[in-house]
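Report on the structure given below.
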Amino acid sequence: MTDRTESARRRQIAIIVGATISAMLPAVVSAQESVTVAGYGGAMRKGFDAALVNPAAQQVGVKIRSETHGDLPSIRVQVQSGAPAWDLVHLGGDECARGESEGLFEPLDLSKFDDAAIPATARGKSWVATNYYSVVMAWRTDKVKQPPKSWADFWDAKAFPGRRAVAGLAQETLEIALLADGVAKDKLYPLDVERAIAAIKRLKPQIGVFWTTGAQSTQLIKDGEVDLIAIYGSRVSPVIEDGSAVQFSYDQGLLGYGCIAVPKGAKNAAKAKALALAMVSPEIQANIIEKMDNYGPVNAKAYEVRKFTPEQLAKTNSSPQNASKQVLIDAAWWAKNGDKAEEAFKSAILQ
């Protein structure tokens, strides 16, 4: 083989190898630029993706892989493995606070968001709230002729007779029990768990169901199995829209929030962090008002970047007119005390 022939052969091999690498490169880049987002399923997830995840992904320039998770314990296991499969996780506020205390998340630079945009209670060093949800009182208008205006009314079975339902979870149920027992909104925390349980025991004969899922709560009030219920605002809204004889009020409602965090060791942590910051920007937060009924943006500046109708603001739980009626759930308290409170609550409702 002549030198000229060998040189030609080497050039040909280089061309073939180069073409092969070029063909592979888009797939490799695509894999690097994808972010796996794990959260809850159902209608909430569809709205969450439509309002926040997808627009943020488009802005950042990443592809999204969607998965579901099994709450904080499943994330803890993944982080402990050293190779978490999820890059960004959507959790409840207390789970984010607890996960941060356990060192499960990557740090987030939220320095550009001041308290006027995202309050300090809705962010940590490694997580940030994305959306507000509400727990509200709802009732059958064909059974309850005089609408309740407070949790004290909800607890008053003589003035407001009817079968009731509340969540079979300590968080939120303990809060409404204390409000019903006369605790002022600004004095709710730290929760007096014993007092709350005593109030629940007083109402227990009128509680037909301690519901355990959002879908169950929806069916209970829709089918008229209960007359009054403590329920998520997002769950009761479709019932009303379907024409059922149901109404609800934000008066003395509870405001909680969903939040996002990047598991420590996530493969695509940098892109996930960029996605997280985009999701809480006012321009993208404003989508919640249009795409997620009875949820609300955490970034208050979302109300300044777009004009909304009075009807839209009336439905949005964190709009100024509705937020002022409600109480913010203290996620930090639940992160520290949730296990003991839940144990005491479960013991009480099973007696």
| message | Against the definition (modelled with pLDDT under 95 and crowded, with 18+ Cβ neighbours inside 10 Å), how does Asn294 come out, yes or no? | response | yes
Note: among Leu277, Leu328, just one is surrounded by fewer than 22 Cβ atoms within 10 Å (Cβ to Cβ) and farther than 19 Å from Asn54 by Cβ, namely Leu328
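In this structure, does Gln247 turn out to be modelled with pLDDT of 95 or more and outside any strand (DSSP E or B)? Give the derivation first.
On the way: modelled with pLDDT of 95 or more: yes; outside any strand (DSSP E or B): no.
Judged against the criteria, Gln247 is not a match.
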Taking first residues from the stretch 315-332 that are on the phi < 0 side of the Ramachandran plot and assigned to a loop (DSSP other than H, G, I, E, B) and second residues anywhere that are of a type in the set (Asp, Glu) and open to solvent by less than 20 Å² (accessible area, probe 1.4 Å), the pairs with Cβ under 8 Å that are 6 or more apart or on different chains are Ile329/Glu172; Ile329/Glu175
- Please work out if Glu311 is surrounded by fewer than 23 Cβ atoms within 10 Å (Cβ to Cβ), free of Cβ contacts under 8 Å to residues at least 12 places away in the same chain and in a helix (DSSP H, G or I). yes
- Query: Does at least one position in the stretch 163-178 carry a residue that is assigned to a helix (DSSP H, G or I), out of contact with any Leu (no Cβ under 7 Å at 6 or more places or on another chain), touching a residue at least 40 places away in the same chain (Cβ under 8 Å) and more than 25 Å from Thr316 (Cβ to Cβ)?
  - Reply: yes
Of the conditions (1) at pLDDT 95 or above; (2) outside any helix (DSSP H, G or I); (3) open to solvent by 10 Å² or more (accessible area, probe 1.4 Å), the single one that Lys271 does not satisfy is (2)
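Considering only residues that are open to solvent by less than 60 Å² (accessible area, probe 1.4 Å), touching a strand residue (DSSP E or B) at 6+ places or on another chain (Cβ under 8 Å) and assigned to a helix (DSSP H, G or I), which ones fall in the stretch 201-223?
Our first condition is that a residue be open to solvent by less than 60 Å² (accessible area, probe 1.4 Å); within the stretch 201-223, this holds for 203-204, 207-211, 214-215, 217-218, 220-221.
Checking which are touching a strand residue (DSSP E or B) at 6+ places or on another chain (Cβ under 8 Å) leaves us with 203, 207-211, 214, 217-218, 220-221.
The answer is Leu203, Gly214, Ser217, Thr218, Leu220, Ile221.
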**Prompt:** Does Leu174 satisfy being out of contact with any strand residue (DSSP E or B) (no Cβ under 8 Å at 6 or more places or on another chain), surrounded by fewer than 21 Cβ atoms within 10 Å (Cβ to Cβ) and closer than 21 Å to Thr212 by Cβ?
**Reply:** no
Across (1) over 19 Å from Ala331 (Cα atoms); (2) assigned to a helix (DSSP H, G or I), Ala97 clears everything bar (1)
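The values are calculated or read from the model by the stated rules, or taken from the named source; none is laboratory data. What you see is a predicted model; the values in this text were computed from it and never measured. Don't worry about glycine lacking a Cβ; one is built from the backbone with ideal geometry, like all the others, and counts go over all protein chains shown. Keep in mind that these areas ignore ligands, DNA and RNA; they rest on the heavy atoms of the full protein, side chains included. Shrake-Rupley method; radii C 1.70, N 1.55, O 1.52, S 1.80 Å.
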